[in-house]
Amino acid sequence: VRAESDIVVVFGSRNDPALGDLVGPAGEVYAEIRAIAPDAELLVIGVPWIRGATAVPGSYTTARDELSTAAAAAGARFLD
């Protein structure tokens, strides 16, 4: 991330659901990005599910919701 960045993409990880509450830590990351590149568009992509039609575990949907909440608070665009 640089001051002149036009867009910054933050991509969720399959490991995110194991971390617990993500709202605070994600918000800190987004705030740091905003401090460095205040004019950049911030795009947050949620945790990927790679197992096709199998049921998505609740920990993944919880992580998705927490990342989405933090993204909204930071004025970022969230993509599930």
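The values are calculated or read from the model by the stated rules, or taken from the named source; none is laboratory data. This is a predicted model, so every value here is computed, not measured. For neighbour counting, all protein chains shown are included, and Cβ atoms are generated from backbone atoms with ideal geometry for every residue, glycine included. The protein model used for the area step is the full one, side chains on, heavy atoms only, and it has no ligands, DNA or RNA in it. Shrake-Rupley method; radii C 1.70, N 1.55, O 1.52, S 1.80 Å.
Do we have GLU28 as surrounded by fewer than 19 Cβ atoms within 10 Å (Cβ to Cβ) and of a type in the set (Asp, Glu) here? For GLU28, the condition - surrounded by fewer than 19 Cβ atoms within 10 Å (Cβ to Cβ) and of a type in the set (Asp, Glu) - is met. Is it fair to say ALA71 is in a helix (DSSP H, G or I), modelled with pLDDT of 95 or more and touching a Lys or Arg at 6+ places or on another chain (Cβ under 8 Å)? Yes; evaluated as a whole, the condition is true for this residue. Could you tell me whether ASP16 is open to solvent by less than 70 Å² (accessible area, probe 1.4 Å), over 17 Å from ARG77 (Cβ atoms) and not small (Gly, Ala, Ser)? Answer is yes for this residue. Could you tell me whether SER5 is assigned to a loop (DSSP other than H, G, I, E, B), within 15 Å of the chain's Cα centre (by Cα) and among the polar types (S, T, N, Q)? Judged against the criteria, SER5 is not a match.
The C-beta contact set for the range 44-56 (first residue touching a residue at least 24 places away in the same chain (Cβ under 8 Å), second residue among the charged types (D, E, K, R), distance under 6 angstrom, 6+ apart or interchain) comprises GLY46/ARG64; GLY46/ASP80; VAL47/ASP16; VAL47/ARG64.
For the range 38-68, the tally of residues that are exposed (fewer than 15 other Cβ atoms within 10 Å of the Cβ), part of a helix (DSSP H, G or I) and β-branched (Val, Ile, Thr) stands at 0. In the set ALA40, ALA53, ALA31, only one residue is at pLDDT below 90 and aliphatic (A, V, I, L, M); that residue is ALA53. Just one of the numbered conditions (1) loosely packed, with under 14 Cβ neighbours inside 10 Å; (2) in a helix (DSSP H, G or I); (3) in contact with a Pro (Cβ under 7 Å, 6 or more places away or on another chain) is not true of ALA35: (3).
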